[in-house]
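Notes follow once the structure below has been shown.
The values are calculated or read from the model by the stated rules, or taken from the named source; none is laboratory data. The structure displayed is predicted, hence computed values, not measured ones. Backbone-built Cβ (ideal geometry, glycine too); neighbour counts: all protein chains shown.
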């Protein structure tokens, strides 16, 4: 078995900025988790399924085209979950559609919570540090183009590493995952 995840990686310089913020607020996972927008959270899969999963993700990517994400401000899932995050002000619907497409076929899994695209900056730390993170990132701003997504694997050391990048086809028109009933 392997623990995988699918996400939109945050590009530089924002990746380093957000990782540094996570370190500053005391999140011990800052060095283990690359800043990202989750499309499929940690999922255990048999090693033998990886080729089919990669084919599925390549097919999803081939039907996509670039879109813009604008990060703005902070939010939290507390008290439901001990998480502070940077919010998306633009690109939410594209992330939602992409998440549905990724979570189909061999990655069709039940979800515990409704999908809410975000970038985690603090998780499972003391309340005071969570409050500080929310306050410090209340004015955070970043904008970038998403040109694909990544498949990650969690290693034995609990660090997440990119296995493969899936670029969008960049064709004209609407992404096929918006037109094939996966709304």
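Here is how the numbers come out for the structure above:
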read-out: Members of the stretch 165-183 found to be modelled with pLDDT of 95 or more and surrounded by 17 or more Cβ atoms within 10 Å (Cβ to Cβ), listed by number; value: 166, 168
read-out: Some residue of the stretch 40-55 being within 16 Å of residue 117 (Cβ to Cβ), part of a strand (DSSP E or B) and touching a strand residue (DSSP E or B) at 6+ places or on another chain (Cβ under 9 Å); value: yes
read-out: Given (1) in contact with a helix residue (DSSP H, G or I) (Cβ under 7 Å, 6 or more places away or on another chain); (2) surrounded by 20 or more Cβ atoms within 10 Å (Cβ to Cβ); (3) at pLDDT 95 or above, index of the condition residue 144 fails; value: (2)
read-out: Looking only at the stretch 4-33, and only at residues there that are part of a helix (DSSP H, G or I), in contact (Cβ under 8 Å) with a residue 12 or more places away in the chain and out of contact with any strand residue (DSSP E or B) (no Cβ under 8 Å at 6 or more places or on another chain), the one that is nearest to residue 131 (Cα to Cα); value: 24
read-out: Scope the stretch 126-143; condition farther than 15 Å from residue 85 by Cβ and in a helix (DSSP H, G or I); matching residues; value: 127, 128
read-out: Hits in the stretch 59-94 - residues which are over 16 Å from the mean Cα position of the chain (by Cα), surrounded by fewer than 15 Cβ atoms within 10 Å (Cβ to Cβ) and either in a helix (DSSP H, G or I) or at pLDDT 95 or above (or both); value: none
read-out: Top-ranked residue of the stretch 129-141 - restricted to ones that are within 15 Å of residue 70 (Cβ to Cβ) and surrounded by fewer than 18 Cβ atoms within 10 Å (Cβ to Cβ), ranked as farthest from the chain's Cα centre (by Cα); value: 139
read-out: Any hit, the stretch 104-115, residues being within 26 Å of residue 31 (Cβ to Cβ), touching a residue at least 12 places away in the same chain (Cβ under 8 Å) and surrounded by 13 or more Cβ atoms within 10 Å (Cβ to Cβ); value: no
